[in-house]
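Here's the structure we're looking at; comments come further down.
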Amino acid sequence: MTVFLIIIVIALLGITLWQMSKILKLSKSHSSEDPSIATENDNKTQGYMMLGFLIVFNLFMLYNFWEYSRFYLPEAASAHGVQFDNLMFLSLGIIIFVQFITQFLLHYFTFIYRGQKGRRAYFYADNDKLEFVWTILPVLVLSGLIIYGLFTWSDIMNVEEDEDTIVIELYAYQFGWKARYAGEDNTLGKANVRFIKGINSVGVDESDTYAMDDKIVGSLHLPVNKKVLFKMRSQDVLHSAYFPFFRAQMNVVPGMITQFGFTPTITSEEMRNTDYMIDKVKTINEIRKENSEELVANGDMALDPYEFEYYLLCNKICGVSHYNMQMKIVVESEEDYKQWLAEQESFGETMAKQKDK
């Protein structure tokens, strides 16, 4: 009851103070200026502030583009990546151009048409020409971007599977990747998560003769300048196969097969020796060296030097170890690729060894 009375007293005190403020406002002389009405000096100040903000905003934007351009990915390492980058930079260029024009007009008009004594605003209900311009122009620009984007999408997504196409299955699971290559028959055997048992970790159908020469590996090797088509499966939850340097990404969905294809154009060694990557590796190793000094001082192991490699990443938050879900990608010459593939053990050989145990 005491608390309730205290609340009532506080509420009444607040109402009293509010009413007193109204009385004081009414008691002021009518000759004094109303502070709620902007003066000509206020309008001038606000106009210059808007002009100043326009200058500072654009300088800040240019600084960010200059300072953080080093975080851009280097040139695309796939054939379609050039189209992807062109579309992105074209869209970005249009956005920056339109942003600059509209922001300039907004802030400049606020400055030049600021309130002044004796000036009256010109009012008109509508302007058909202006309405036509700012309706048709965006329609034309967006239509052009959409049509260009559709053609780009079609070129990237419609991968024709012919004799020269290398078909590789990517198998996602919490929290890792496996790759399955077709053997000499160039045909992947059937697979299903229901067949997962023991060392058959990706669920290959042992009764399918096409599966016996398949090769299951923990790293991805790709021949340069050869078309690759990925067939993707997930064992458990939704994952996303993300190849940042190849400008490729595709969801890996449980219960269905998704696919994405591209042609690698830059080997791992060539990318490693680019000016961009040499500078980036140097910067990373300088940071790791500084961190290692602190670790060693605390009795821990020093960090190993960083060396660039392509990686396949998961771009969906698929669980607690999502950050660690990656697989090394090696892009190499066709001869090196064939030699590596020949050295890998086939699924049939693996199962035969298991039965002999």
Anyone know which of 278, 101, 196 comes out most mobile in the 10 Å Cα GNM of the chain? 101
Aspartates and glutamates within cross-link reach of residue 44: Cα-Cα under 20 Å, excluding same-chain residues under 8 positions apart? 33, 34
In the range 52-152, the trypsin sites (Lys or Arg not before Pro) that sit in a DSSP loop and have at most 15 other Cβ atoms within 10 Å of their own Cβ are 117, 119, 120
Subtracting the Cα-Cα distance of residue 195 and residue 6 from 0.36 nm times their residue separation yields 60.8 nm
Reachable lysines from residue 226, Cα under 18 Å, same-chain residues fewer than 8 places away excluded? 338
For the range 240-354: relative contact order, % (alpha-carbon pairs under 8 angstrom, 6 or more apart): 26 percent
Rg/Rh over Cα atoms for the range 234-357, Kirkwood Rh, comes to 1.05
Among 72, 156, 58, whose Cα lies farthest out toward the positive end of the dipole of the chain, if unit charges sit on the beta carbon of Lys, Arg (+1) and Asp, Glu (-1)? 58
Determine which lysines satisfy two conditions relative to residue 190: a Cα distance under 20 Å, and not lying fewer than 8 residues away in the same chain. 178, 215, 231
Rounded to 5, percent antiparallel among DSSP beta bridges of the chain: 70 percent
Spherically averaged projected area of the range 121-223 from its Cα convex hull (nm²): 13.8 nm²
³J(HN,Hα) computed for each position of the range 270-287 - Karplus, 6.51 cos²θ - 1.76 cosθ + 1.60, integer Hz, glycine/proline x: 5, 5, 5, 9, 6, 4, 4, 6, 4, 5, 5, 4, 4, 4, 4, 5, 5, 5
Starting at the first residue of the range 340-348, write each ³J(HN,Hα) from the Karplus equation 6.51 cos²θ - 1.76 cosθ + 1.60 with θ = phi - 60°, in whole Hz, x for Gly and Pro. 4, 5, 5, 7, 7, 7, 7, 4, x
Taking the dipole of the chain about the Cα centre (Lys, Arg +1; Asp, Glu -1; charges at Cβ), the one of 20, 311, 96 that reaches farthest to the positive side is 20
Per residue, what volume in Å³ does the convex hull of the Cα atoms of the chain enclose? 353 Å³
Which residue fluctuates most in the GNM of the chain (Cα springs below 10 Å): 263, 39, 274? 39
So what are the ³J(HN,Hα) numbers for the range 102-115, from phi and the Karplus equation (6.51, -1.76, 1.60; θ = phi - 60°), rounded to whole Hz, Gly and Pro as x? 5, 5, 4, 4, 4, 7, 5, 5, 4, 6, 6, 10, 5, x
Low-density loop GluC sites (Glu not before Pro), the range 140-209, at most 16 other Cβ within 10 Å, DSSP non-H/G/I/E/B, are 160, 161, 163, 184, 206
Pick from 121, 179, 241: which residue has the top mean-square fluctuation in a GNM of the chain where Cα pairs under 10 Å get a spring? 121
In debye, nearest 20, what is the charge dipole magnitude of the chain about its Cα centre with +1 on Lys and Arg Cβ and -1 on Asp and Glu Cβ, if you could check? 2360 debye
What order do you get for 322-329, 57-64 when each peptide is scored by the mean count of other beta carbon atoms within 10 Å, highest first? 322-329, 57-64
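Hand me the GluC sites (Glu not before Pro) from the range 298-357 located in a DSSP loop with no more than 15 other Cβ atoms within 10 Å, in residue order please.
In loop regions of the range 298-357 (DSSP not H, G, I, E or B), the sparsely surrounded GluC sites (Glu not before Pro) are 307, 309, 345.
Each value in this text was obtained by applying a stated rule to the coordinates, not by laboratory testing. Please read all numbers here as calculations on a predicted model, not as lab measurements. Heads up, the Cβs are rebuilt from the backbone with ideal geometry, glycines too, and the neighbour counts pull from every protein chain shown.
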